[in-house]
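Here's the structure, in structure tokens; my notes come after.
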Amino acid sequence: MIKSKREYDKKERIRCRYEDSLDYYETLGRLVDNFIKESNVDIDKILGVGISIPGIVDEDNLILTRSHTLKLSNISLKNFIQFIKYDTCFKNDANSAAYAEITLNNKQCIYLSLSNTVGGAIYMNNSIYMGDNLKSAEFGHIIIRPDGKSCYCGKNGCVDAYCSANVLSQNSDHDLDLFFKELENGNEKYLSIWNEYLDNLAIVVTNLRMVFDCHIILGGYVGGYLENYILDINKSISKYNSFEIDTSYVSAAKYKKEASAVGAGIQFVDNFFDSLI
């Protein structure tokens, strides 16, 4: 019997606070096993497990060099795979999301991740540009407002302080969905916050366009809500980009959620198809 794609579709989100301990890694392995079992997937058909991590990932040496989100540095990623029975790869979360979002039409592309921190990826010549020190596309720490708000990095006026998802959700009990619901309902307070956010986002997008001259995808937590606000974004961009009338180079992410999870596994799919050639 051939199973339909829908029968294989399964996703699950489980919150489990990270700790560098044997118990945590054993729990991770058990969750993977349970997920596969409940998905009713033939084990022989599993190509591998992709893990996306918010931080600087040294894929060659399997080291998490630094993660502000997890407050970690120099953690061996080999610890994660002690109890995972399948081939496993590790990717930076923004790079993973970019792989999921980028299509064959995007030969050159910028992915701007607007999550609880701002990051991104630079896609050039059919691959992610990593930089000399694996620190490329730290868009969140470009300064757009000198002497502006303080950033967790220690500087002032960084994009992160103006365009992260927290800038919006901190006004709605850290519930981003609630923020956009109130925005849709015409809440004047939220509309004012949103307009200021759009203005700052427009500066960032314009700067990226001036530097890279390519398509820009707005993703991350905020990106999942932007499909209905592209016209507003385009109007804001037009105030700062006097070189172009056409702003179709900007688009909202097609994945509303879980883009980094999808992207982390794409490597295995690509390798599988390459092996068939």
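The residues packed around Ala137, meaning those with a beta-carbon under 14 Å from its beta-carbon, carry a net charge of -3 if Lys and Arg are +1 and Asp and Glu are -1. Rolling a 1.4 Å probe over the protein heavy atoms of segment 206-277, with every protein chain left in place, gives an accessible area that is 57 percent carbon and sulfur. Summarising the amide proton neighbourhood of Val49: residues at separation of 5 or more, or on other chains, whose placed amide H is nearer than 5 Å comprise Asp87, Thr88, Cys89.
Cross-link partners for Lys85 among the lysines, with Cα-Cα distance under 22 Å and sequence neighbours closer than 8 places in the same chain left out: Lys10, Lys11, Lys37, Lys45.
Scattering from the C-alpha atoms of the chain alone, worked out with Debye: what is log10 I(q)/I(0) at q = 0.07, 0.09, 0.14 1/Å? After summing over all Cα pairs, the log10 values are -0.28, -0.46, -1.09.
Mind running the shape call on segment 175-277? Use the C-alpha gyration tensor, a ≥ b ≥ c as the square roots of the eigenvalues: rounded below 1.5 for a/c, prolate if a/b tops b/c, oblate otherwise. Since a/c reaches 1.5 but b/c is at least a/b, the shape of segment 175-277 is classed as oblate. Of the beta bridges in segment 1-144, as assigned by DSSP with both residues counted there, near 75 percent are antiparallel.
What the Cβ-Cβ distance of Asp213 and Glu258 gives, at R0 = 35 Å and to the nearest 0.05, is a FRET efficiency of 0.70. Rounded to the nearest 500, the 222 nm mean residue ellipticity of the chain from helices alone is -11500 deg cm²/dmol, with -39,500 (n - 2.57) taken per DSSP H run of at least 4 residues.
Once the 1.4 Å probe is applied to the protein heavy atoms, segment 61-173 comes out at 50 Å² accessible per residue. With K and R counted +1 and D and E -1, the other residues having a Cβ less than 13 Å from that of Gln267 yield a net charge of -3. Straight-distance candidates among the lysines for linking to Lys149, with alpha-carbon spacing under 30 Å and chain neighbours fewer than 8 residues away dropped: Lys71, Lys135, Lys181, Lys189, Lys235, Lys239, Lys256, Lys257. Each principal axis of segment 11-144 carries a Cα extent, and these read 45, 34, 26 Å when sorted largest first.
The values are calculated or read from the model by the stated rules, or taken from the named source; none is laboratory data. For clarity, every value in this text was computed on a predicted model and none was experimentally measured. Positions of Cβ are generated from backbone atoms using ideal geometry, with glycine treated the same way; all protein chains shown enter the neighbour counts. Protein only, heavy atoms only, side chains kept; ligands, DNA and RNA dropped before computing areas. Shrake-Rupley method; radii C 1.70, N 1.55, O 1.52, S 1.80 Å.
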